[in-house]
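Q: I have a structure here, written as structure tokens, and I will follow up with some questions on it.
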Amino acid sequence: MYDLLVRGGRLVAPDGVGPADVAVADGVVAAVGPELDGTAAEIVDAGGLLLLPGVVDAHVHLNDPGRADWEGFATGTAALAAGGTTTAIDMPLNAIPPTLDAASLDAKVAAARGTARVDVALWGGLVPGDLDRLDELAAHGVVGFKAFMSASGVAEFEAADDLTLVQGMARAAQLGLPVAVHAESDALTGRLARRAVAAGRTTVRDYLASRPVLAELEAIGRAIAFATETGCALHVVHVSTGRGVALIAEARARGVDVTAETCPHYLVLDADDAERLGAAAKCAPPLRPAAEREALWARVHAGDVELVATDHSPSPAALKDTGADHFAAWGGIPGAQTLLTLLHTEAVARELPLERLARLLAAAPARRFGLAPRKGALVPGADADLVLLDPAAEWTLAREHLLDRHRLSPFVGRRLRGRVVRTILRGHTVARDGAVTGAPAGRILRRSPSDGAHAPMML
Ligand code: ZN
């Protein structure tokens with residue numbers, strides 16, 4: 001007798017896709033296999049559906065407390081749950097205060113209590129003057145430390161100068177935690193942006209030109225050099241080019257512990273979309289020409305991209321509405337709800353095997369950030385986090401489907417293949433057919449720096 005039996009689906013397992021049932025007891029996967037014996041209090045018919053491990057979105061900005069009017073736990077995690085994500089890793093900005101010490105981390109936990117609909121792990125921040133707080137953040141269970149190599153966009157989260165980055169990496173290496181970097185050269189992007197604005201060149205194309213591919217490549221190269229020297233595990237967030245991924249793959253081949261993340265917007269949008277969509281598609285690094293997008297896909301197919309995450313970063317419409325001055329608009333793309341369906345659509349069209357998709361979206365981020373074996377895989381003993389996806393459904397994303405705070409997705413109007421039918425978190429259905437169900441029951445996940453295993457804390 002189980003609590004839940006999901007019957008008759010096609011399980012996306014690491015070695016391929018095949019028929020399987022999933023049995024759940026006490027929130028944990030009890031058994032996986034075709035036509036399991038036994039019965040359950042709740043039986044879900046998954047005929048015709050794919051069963052995937054719940055998505056682990058390693059890059060989400062839930063700006064709560066302090067900027068919940070941009071995005072908060074309630075709306076952000078509702079969007080995540082509806083889209084098939086069961087674990088989010090929250091960035092240390094743009095909440096006020098940013099997550100830079102134990103007190104600000106506790107404020108995050110308090111904001112999540114009773115409002116989070118998915119499980120949430122936390123990044124801590126690495127900023128100038130904060131080096132002596134890294135130990136305390138590690139003791140409170142952050143998965144790693146995030147640093148900016150160019151301006152973050154908010155005053156309270158300063159970019160890390162080279163010395164801060166080197167010393168932070170050295171300490172992170174001792175703590176056994178990774179450092180994640182936003183890799184763009186401030187020297188290049190800062191000067192180019194100031195020059196463009198001073199000359200009144202503020203269109204979308206001017207903005208794209210102020211953040212050239214070279215700025216990304218230079219910063220990735222420098223971060224790799226620092227990681228090599230310090231022995232720190234390095235994670236490069238939102239890599240926007242195939243050439244950026246190539247630098248990371250070459251370093252990994254030399255034995256450097258470095259991984260690449262990219263985002264759906266770099267995989268499905270390009271510079272022409274940036275011009276068409278305006279501020280809704282503004283991000284940093286910016287959208288690239290179509291040839292760069294295709295080169296990035298080639299790296300995904302080659303296995304050089306470790307994971308895909310959303311960089312979900314909404315803002316109120318007023319911050320996007322800056323008229324002809326594209327530089328003044330807030331940069332950040334909301335994508336919490338569309339990660340799985342966008343990537344499933346592309347995987348089908350581009351013949352990326354579904355087991356690769358599950359690795360990019362669940363297994364790899366869980367493993368990289370110390371949340372495995374509890375998260376990221378549908379195996380006995382793991383948390384019963386799963387998504388039921390109808391792979392045949394074709395539909396068009398509309399604004400009214402969205403559950404995040406401002407529903408300003410650049411993907412509205414896009415034709416999608418695959419629809420999330422049900423999202424299950426630790427054995428409980430948290431979203432069904434695009435709507436959330438039940439009371440918020442997300443937990444804060446804390447990583448133990450000593451062994452990498454997390455001990456989920458009840459909210
Ligand atoms: Zn981000």
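The values are calculated or read from the model by the stated rules, or taken from the named source; none is laboratory data. The model shown is predicted, which means the values in this text are computed figures rather than measured ones. Because the Cβ atoms are built from the backbone with ideal geometry, glycine has one as well, and the counts that use them run over all protein chains shown. Ligands, DNA and RNA are stripped out before the accessible areas are found, and what is left, the full protein with its side chains, is counted by its heavy atoms. Shrake-Rupley method; radii C 1.70, N 1.55, O 1.52, S 1.80 Å.
Q: Taking the Cα centroid of region 46-65 and of region 274-345, what is the distance between the two, rounded to the nearest whole Å?
A: Rounded to whole Å, the Cα centres lie 18 Å apart.
Q: I'd like the orientation of helix 102-112 relative to the chain: the angle between its Cα long axis and the longest Cα principal axis, in ° from 0 to 90, rounded to 10.
A: 50
Q: Taking 37 °C and 0.692 mPa s as the conditions, I'd like the Stokes-Einstein D for region 1-116 in µm²/s, using the Kirkwood hydrodynamic radius from alpha carbon pairs.
A: Working: Rh = 16.3 Å.
Rounded, D is 202 µm²/s.
Q: Given charges of +1 on the Cβ of Lys and Arg and -1 on the Cβ of Asp and Glu, with all other atoms neutral, how large is the dipole of the chain about its Cα centre, in debye to the nearest 20?
A: Magnitude of the dipole: close to 580 debye.
Q: Could I ask something else about it? Under a plain spin-label model, where a point goes 7 Å from the Cα along Cα-to-Cβ, how far apart in nm are E229 and R195?
A: In this crude label model, E229 to R195 measures out at 2.7 nm.
Q: Mind checking which of L5, A393, A439 is farthest towards the positive end of the chain's charge dipole, using Cβ charges of +1 (Lys, Arg) and -1 (Asp, Glu) about the Cα centre?
A: It is A393.
Q: State, in angstrom, two size descriptors of region 72-129 derived from its alpha carbons: Rg to one decimal place and Dmax to the nearest whole number.
A: Looking at region 72-129, its Cα Rg and Dmax stand at 11.7, 39 Å.
Q: Counting other C-beta atoms within 10 Å, and keeping those with at most 13, which DSSP coil trypsin sites (Lys or Arg not before Pro) do you find in region 322-396?
A: Of the trypsin sites (Lys or Arg not before Pro), the ones in loops of region 322-396 whose Cβ has at most 13 other Cβ atoms within 10 Å are R350.
Q: Could you tell me the extents of region 184-343's C-alpha atoms along the three principal axes, largest first, rounded to whole Å?
A: 48, 37, 27
Q: If you plug each phi of region 346-361 into the Karplus form 6.51 cos²θ - 1.76 cosθ + 1.60 with θ = phi - 60°, what whole-Hz ³J(HN,Hα) values come out, in order, with x for Gly and Pro?
A: Listing the rounded values in order: 5, 4, 5, 5, 9, 6, 8, x, 5, 5, 5, 4, 5, 5, 5, 9 Hz.
Q: Could you give the angle, 0 to 90 degrees to the nearest 10, between helix 290-302's Cα long axis and the longest principal axis of the Cα atoms of the chain?
A: So the inclination is approximately 50 degrees.
Q: Work out the charge dipole of the chain with +1 on the Cβ of Lys and Arg and -1 on the Cβ of Asp and Glu about the Cα centre, then indicate which of T164, I248, L217 is farthest towards its positive end.
A: L217
Q: Also: So what is log10(I(q)/I(0)) for region 167-219 at q = 0.17, 0.30 1/Å, when the Debye sum runs over its Cα atoms only?
A: Treating every Cα as an identical point scatterer, log10 I(q)/I(0) equals -0.61, -1.07.
Q: Using the Cα centre of region 255-412 as origin and beta-carbon charges of +1 (Lys, Arg) and -1 (Asp, Glu), tell me which of A329, S409, F369 is placed farthest towards the positive end of the dipole.
A: Value: F369.
Q: Whole-Hz ³J(HN,Hα) for each residue in region 327-333, computed from phi via Karplus 6.51 cos²θ - 1.76 cosθ + 1.60 with θ = phi - 60°, x for glycine and proline: what do you get?
A: 5, 7, 6, 5, x, x, 10
Q: Can you give me the distance in nm between label points at A139 and D162, each placed 7 Å from the Cα along the Cα-to-Cβ direction?
A: 3.3
Q: A further question on this structure: Roughly how many Å is it from the Cα centre of region 122-152 to that of region 158-206, as a whole number?
A: 15
Q: Of the peptides 81-88, 4-11, 259-266, how do they stack up when ordered by the mean number of other Cβ atoms within 10 Å, highest first?
A: Going from most to least packed, we get 81-88, 259-266, 4-11.
Q: Taking K375 as the anchor, which aspartates and glutamates have their alpha carbon closer than 14 Å to its alpha carbon, excluding any fewer than eight residues away along the same chain?
A: Cross-link targets: D57, D119, D383, D385.
Q: Also: Which value, in debye to the nearest 20, gives the size of the charge dipole of region 1-97 about its Cα centre, when Lys and Arg are +1 and Asp and Glu are -1 at the Cβ?
A: My answer is approximately 200 debye.
Q: Ok, one more. Please calculate how many Å² of accessible area region 54-368 carries per residue, with a 1.4 Å probe and no DNA, RNA or ligand atoms counted.
A: Result: 31 Å² per residue.
Q: Using only the Cα atoms of the chain, construct the convex hull and provide its projected area averaged over every direction, in square nanometres to one decimal.
A: 19.1
Q: Take the Cβ-Cβ distance between T203 and A349 as r, set R0 to 30 Å, and report the resulting FRET efficiency rounded to the nearest 0.05.
A: Details: r = 31 Å, r/R0 = 1.04.
That gives a FRET efficiency of 0.45.
Q: Express the C-alpha Rg of region 373-416 as a ratio against the empirical globular expectation 2.2 N^0.38 Å, rounded to two decimals.
A: 1.65
Q: Let's test the formula: R0 of 22 Å, r as the Cβ-Cβ distance of L131 and I96. What FRET efficiency results, to the nearest 0.05?
A: Values: r = 22 Å, r/R0 = 0.98.
That gives a FRET efficiency of 0.55.
Q: Can you list the HN-Hα couplings for region 159-167, worked out from phi with the Karplus curve (6.51, -1.76, 1.60; θ = phi - 60°), rounded to whole Hz and with x for Gly and Pro?
A: 5, 7, 5, 4, 5, 4, 5, 5, 5
Q: Roughly what angle does helix 186-198 make with the longest principal axis of the chain, taking Cα atoms, 0 to 90 degrees, to the nearest 10?
A: Approximately 70 degrees, to the nearest 10.
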